[in-house]
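These notes are about the structure you will find just below.
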Amino acid sequence: MIKAILFDCWGTILHAPRLMTRESAIEAFHRTLRELGYEADFTLFREMYLREAERQHREADSDYRELDYVERLRRVLEAIGLEGDAERLAGEIWRRYLDEWPRQSRLDPEAPRLLRRLREAYRLALVTNFPDLPTAHRVFDTLNLWEYFDAILVSAEVGYRKPSPIIFQEVLERLGVKPQEAVMVGDTLEADIEGARKLGVKTILIDPERARRGEKPEGADAVIESLRELEKALENLIG
Ligand SMILES: [Mg+2]
């Protein structure tokens, strides 16, 4: 018996296309650096950023603990020769980047009605990877997200990111449901789908390209093009 639905946040019910990808983040960081009066070659900046990101993931992805982006940026700035100002600049670049999230995040047009309808039958939770709790809360305040969910959990709050079982266990506990009583809906295969599946949570992947190709990757119980298809997928899944 399914009692709860867990939703990923960005890419699933919220969109911020100019912030969500690594490449767009690199461009934003580099732009801010220039705005702060520092000329730096973009190709070198990008290369150093990718190197530091890979290094951080190698260390942190054994248990998916939360990542320190200020530390990442500080190391990038040192690597491009800004040792003296690296610490101060890293903090400032990160702060300005975080400020963009409440400005640029938009609720999927399907989400409000869908979430209200689903909440008549299920407990709903939002479970998101985001490295800064106050900023995530500013986004939720701006878009009135609290009114749609029984629980909201941000990785920064628990110190571990999806696909870590720690964050999924915490959200299930807050809802008071067992893994087999929940369905996870998300757009990222590893974090949302494989992570939830390992605990025994059912999963629905939102992935337009895979859905159109009729491709169902391991771990996904269903693949849909958009939120519009969610209720039908739930019906099929739950029977
Ligand atoms: Mg997502």
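The values are calculated or read from the model by the stated rules, or taken from the named source; none is laboratory data. Small disclaimer: the values here were computed from a predicted structure and weren't measured. Methodologically, a virtual Cβ is constructed for each residue, glycine included, from the backbone with ideal geometry; neighbour enumeration extends over all protein chains shown.
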Given (1) within 16 Å of the ligand (Cβ to nearest atom); (2) surrounded by fewer than 14 Cβ atoms within 10 Å (Cβ to Cβ), number of the condition Leu67 does not satisfy: (2)
Filter pass, Leu50 being within 30 Å of Gly200 (Cβ to Cβ), at pLDDT 95 or above and either in the same structural domain as Ser164 (by TED's automatic domain parsing) or not small (Gly, Ala, Ser) (or both): no
Leading residue by the ranking (surrounded by the most Cβ atoms within 10 Å (Cβ to Cβ)) among those in the range 109-135 that are over 15 Å from Phe149 (Cα atoms) and in contact with a helix residue (DSSP H, G or I) (Cβ under 7 Å, 6 or more places away or on another chain): Asn129
Single unsatisfied condition, Leu230 versus (1) in a helix (DSSP H, G or I); (2) within 16 Å of the ligand (Cβ to nearest atom); (3) farther than 18 Å from Tyr122 by Cα: (3)
Of residues in the range 1-27 being over 19 Å from Leu118 (Cβ atoms) and small (Gly, Ala, Ser), the one nearest to the ligand (Cβ to nearest atom): Ala16
Strands (runs of 3 or more DSSP E) contained entirely in the range 120-210, each with at least 2 residues that are in contact with a His (Cβ under 9 Å, 6 or more places away or on another chain): 151-154
Total residues in the range 51-102, condition of a type in the set (D, E, K, R), in a helix (DSSP H, G or I), more than 18 Å from Arg22 (Cβ to Cβ) and within 17 Å of the chain's Cα centre (by Cα): 1
Residue within the range 39-56 that is loosely packed, with under 13 Cβ neighbours inside 10 Å and touching a residue at least 40 places away in the same chain (Cβ under 8 Å) present: no
